[in-house]
1. Amide H neighbours of B:Ser413 under 5 Å, counting only residues 5+ apart in sequence or on other chains, H built in-plane at 1.01 Å?
2. So how many Å³ per residue does the convex hull of the Cα atoms of the protein assembly as shown work out to?
3. For segment B:421-428, in order, what is each residue's ³J(HN,Hα) by Karplus, 6.51 cos²θ - 1.76 cosθ + 1.60 with θ = phi - 60°, in whole Hz (x at glycine and Pro)?
4. State, in square angstrom and to the nearest 100, the accessible area buried between chains B and A, both chains counted, probe radius 1.4 Å.
5. Using θ = phi - 60° and the Karplus form 6.51 cos²θ - 1.76 cosθ + 1.60, what ³J(HN,Hα) does each residue of segment B:279-291 get, whole Hz, x for Gly and Pro?
6. If you take the beta carbon distance between A:Asp98 and B:Glu226 as r and set R0 to 45 Å, what does 1/(1 + (r/R0)^6) give as a FRET efficiency, to the nearest 0.05?
7. Leaving out same-chain residues fewer than 8 places away, which lysines sit with a Cα under 20 Å from that of B:Lys80?
8. Which distance in nm do the two modelled labels at B:Val439 and A:Asp487 give, with both placed 7 Å along the Cα-to-Cβ direction?
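The values are calculated or read from the model by the stated rules, or taken from the named source; none is laboratory data. These numbers come from a predicted model, not from an experiment. Glycine also receives a Cβ, built like all others from the backbone with ideal geometry; neighbour counts cover every protein chain displayed. In case anyone asks, the SASA skips ligands and DNA or RNA and just uses the protein heavy atoms, side chains included. Shrake-Rupley method; radii C 1.70, N 1.55, O 1.52, S 1.80 Å.
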Amino acid sequence: MTFRRGLIALGVLLVASVMPAAPPPAAPAVGQPAAPLHINTDSAKKDPTPDWRTRVRRELAELMPPTAPAGAGNPVDALLDSWRKKQKQLLPPANPCDDRVFLRRASLDLVGLLPDEKQVEAFAADHSPTKRTALVQRLLADRTAYAEHWMTFWNDLLRNDEAAWIEINHPPITAWLFKSLSDNKPYDLFAAELINPGPQGPVGFIQGVDWKFATSASETPPMQAARSVAQVFQGVNLKCASCHNHFTRPWKLDDAWALAGCFSTTPLESQRCDRPTGRIVGPRFLFAGLGEIPADVPVAKRREVVATMVTRPRNPRFAKVIVNRLFKQLFGQGIIDQVDDFDGSPGFMPELLDYLAYDFAMHDYDLKHTLELLATSNAYQMQAVATVRSAVRDDAVKGDAEPPFVGLRVKRMTAEQFSDAVSKLTGSWRRAELAKAEVPNLQPRAWRFRDTDSLAAALGRPSRDVIQSGRPDGASVLQALELINGDVLRDHLTTAAQWMLSGPLGQQADIANVVDTICLRAYCRHATPAEVQQGRELLGTPAAAAADRQAGWEDFLWLVVMRAEFQYIE
Amino acid sequence: MRNYSYPGSSELDRRHFLRLAGMGLGALATGGITLRPAAAAAPKIQPTADAVIFVYMGGGQAAAETWDPKRYTPFTAGMKASEVYSTFPSIPTSADGVNISKYLSQMAKVMHHGAVVSSFKPGFMGVPIHVRHIFHLHTCYMPPQTVAAPSMGSIVARTLGPRHPDVPAFVDIGQRLEFPGLTAEIKTAHSPGFLGSAYGPFAIPDPATAALAVRPPANMSKERFEERFRRLEALQQRRAAAQQTADKRDELFTAVEGARRLIHSPAAAALDLSLEPKESYEAYDTGRFGLGCLLARRLVESGVRFVEVAYEYDPFKNWDTHDNGHTRTVAMKNEIDRPLAQLIRDLHQRQLLSRTLVVVASEFSRAMLVEGVTDDPDPVRREYLNRTSVKVPDTLADEKSYGLHRHFTGAGSLLMFGGGIRGGIRYGKTSDEPPFNIVEKPVTMPDLHATIYRALGIPADLSYEIEGRPFYVTPDGKGKAVRELFA
């Protein structure tokens, strides 16, 4: 079976993105019967919904997979190598990053935390050739740390927020989300529960915001549900089409309303810019060929049908959209960089997207499987590219053109990663009012802070009244001011210095060793002579005056966390 | 996101400027203050203002009690609520034929410099909830929006930048964004939205302590603060020197450098109100709002492009007068009258008024009996509003009920001074019968924004791209600047 044949069969995953001009995009033809599937029996045992899983696997078996690239290595690398060879311009050769960079990167990317000095030393001392793979597996196996890190990503994407809004009072889905992530719920089930939650499920997502009183027709809860499902799971932006036919994408006004009809208790008449059109449309799904949605059944039943249509293997978008998001989280750039819009660019390498999507489906939609596949690739183990990418992206890139893929990019820490990193570095966890959700009583990591404080706002924690699928990674003067003299970081460092001075590090007379420990925690490397020198000047020995030491430790910690090496994931 | 179609202030120039700033060239920061005009390269719209001071009266300021007085109906126990028009007599001003409400005697002396717009029309959003109208006033868009809409200050900051390279473009005075009971909606109204935090407001909730924003943290000496920078530089430069090409990580260092320049910039000195001569300080000092006006003047002098001064929105307080309207309004007028007039006088005296647009606005007005608008087509909503809004007794037993206590969105008043605006006029007209609806020349929210943008040389259909579509600074680019308001 050739790679090409596989691709044709997998047209499933391609049709809508390469031929966006025919709405509603036809569902893909069913591929030829494929070879027997490799079924991961471990997860089969755990799967709480055997009927669902059986049906999904049967459907997957009808699709022909893209042929795995030749070679024994990680398929991601094989595909990227074949892509690289085809580039007109030779890319600068990438060099593998060293262990400490990898340890820090993988820890921050997968569980959002810095490793401690013991882990750094142990990793350096480990001479096993598979230690990086083992590290990735160990991180992903830490259910709680993994869930806590990814809460930030999912809260943004599912606009789950417990801040005090007057008008936004949809029930938070925090507890469900946390449990789903720590259980590593198969992603198709995860999505299906969000789309069709049932009374005890995560109703907040699909319910949306029932804005009090008059709003535009495009903000009714059924239309919000349609927009959210389309954007989050299908890479379809229906915002424009909820008012009028989209100007540059294939989506028509009635496509949006027909999907909204799936979530409405009553038949919906489409409205063009708040004017009724006289047409009752839908209920109908975005893509044809995935089944029909009965109009004369309760809305819960319709949601159930939509959930199946969104998540079933023959859906062109479902798996591709999420693996692309994961790719972007790790590499700092998506295969399709506009992660919410699959109707424009096919991505810098559609074959890679297809492979990842199919592989993801074949592993029962296991998010951690794909994260492991990506994080153990050679591509993820290269030195990061730090070239400046303008915040105003289209200075260089026009229209749907994909920004050139140059390799894994240096990423800025999120507001939550930064706060947690300072906490982990110092052992002093910040206190703030927490979201009320019933999650285990753990160290208060920053994702749980109910409100966005001024530092978090400056570092880009968004207001979640709209879906947010990424964080800004630039630096600005206002941000720097907050870091330089803002209350939030100052208070954190004051408490942290007190805490550390009363702990084992504060008692040590060997300042070089203290500095070394702090550098191992902050940067995963040993201290440089310059840093030791700064430490000697600032930290003082246990014999020094307490007030001087307090100030000196605050200053030293500030220096440590203000370095780019701290705030960026290299 | 990209600059979509703006032909005015050359983006090329601006990027060039940013790049220079990004390289940390201190040269831009040194020497005398050279303020950049509103639009550098030949713009299609000739700007008439280089800076804006947007004075926001939080909570819904009653037009009939301030800038658009109606027949004075003094309080008598037992009077009918329907008999209440204005609870103040009107007074003449320095502008012929323009009367305003009593207790605004200082403002009455400067009205020849400005225009009253009596026919401001707040948006219709069904139920007049403050947070919605505050969002609308600040962004020109009615919530909810499918993308995060930027506030006017952020749009101006993004489009024109500051007038001096080291100072912030947008400073937001007087509105606390973090205090218990206040909602996230207030933050979104003051946010840079999709433009990103770099264009967000430099927030000064309390002008009296503004200088702290650019000073070392509490309990830290200036020497220690400076020492931190020196040490950081020593550690950082080692790494930066090794890099030959533009490195993303240097953005952080550049930002820190920028913050440090800001700390030593004219704006930093402007933030320190203790540097203001005593006499002048006292002329403004009626409290937080008064000092906010003083700070606004100092910031504009230092090169800030857009300053908002809020008479803070605080639910059921300030202009949100749900009871004791008359008494509370007297107190608030005493607080705003002197500093606002002094601001106009000072700007004029320093020859800044001609290039500085001062706008005074509130999210909506207030009426005695009407909640929302009189012509709401929806009977269910009318019933709801009457049931849920503040109860107005048929007859007023005591002065507690004397005042305009309901949210009225049928008409509101604005003031505009300087920046090319014609002085001494009243624009638009409202009925002399309650609830004082607009009878002539309505100025909608898009029109108000378009007028402010026009003064700055920014077309109302300037747009920024987000998610592949243009986001216009006024909805669909259709705001119409009110030409008659310009001299």
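1. Amide H neighbours of B:Ser413: B:Ala63.
2. On the way: hull volume 185.4 nm³, N = 1057.
Roughly 175 Å³ of hull volume per residue.
3. Working through the residues one at a time gives 7, 5, x, x, 10, 10, 10, x Hz.
4. Values: alone 20600 and 24680 Å², together 39710 Å².
Chain pair B/A: roughly 5600 Å² of buried accessible area.
5. 4, 5, 4, 5, 4, 8, 6, 9, x, 4, 5, x, 5
6. Values: r = 35 Å, r/R0 = 0.78.
That pair, A:Asp98 with B:Glu226, gives E of 0.80.
7. Counting by Cα, and skipping residues close in sequence, B:Lys80 has these lysines nearby: B:Lys70, B:Lys391, B:Lys400.
8. In this crude label model, B:Val439 to A:Asp487 measures out at 5.1 nm.
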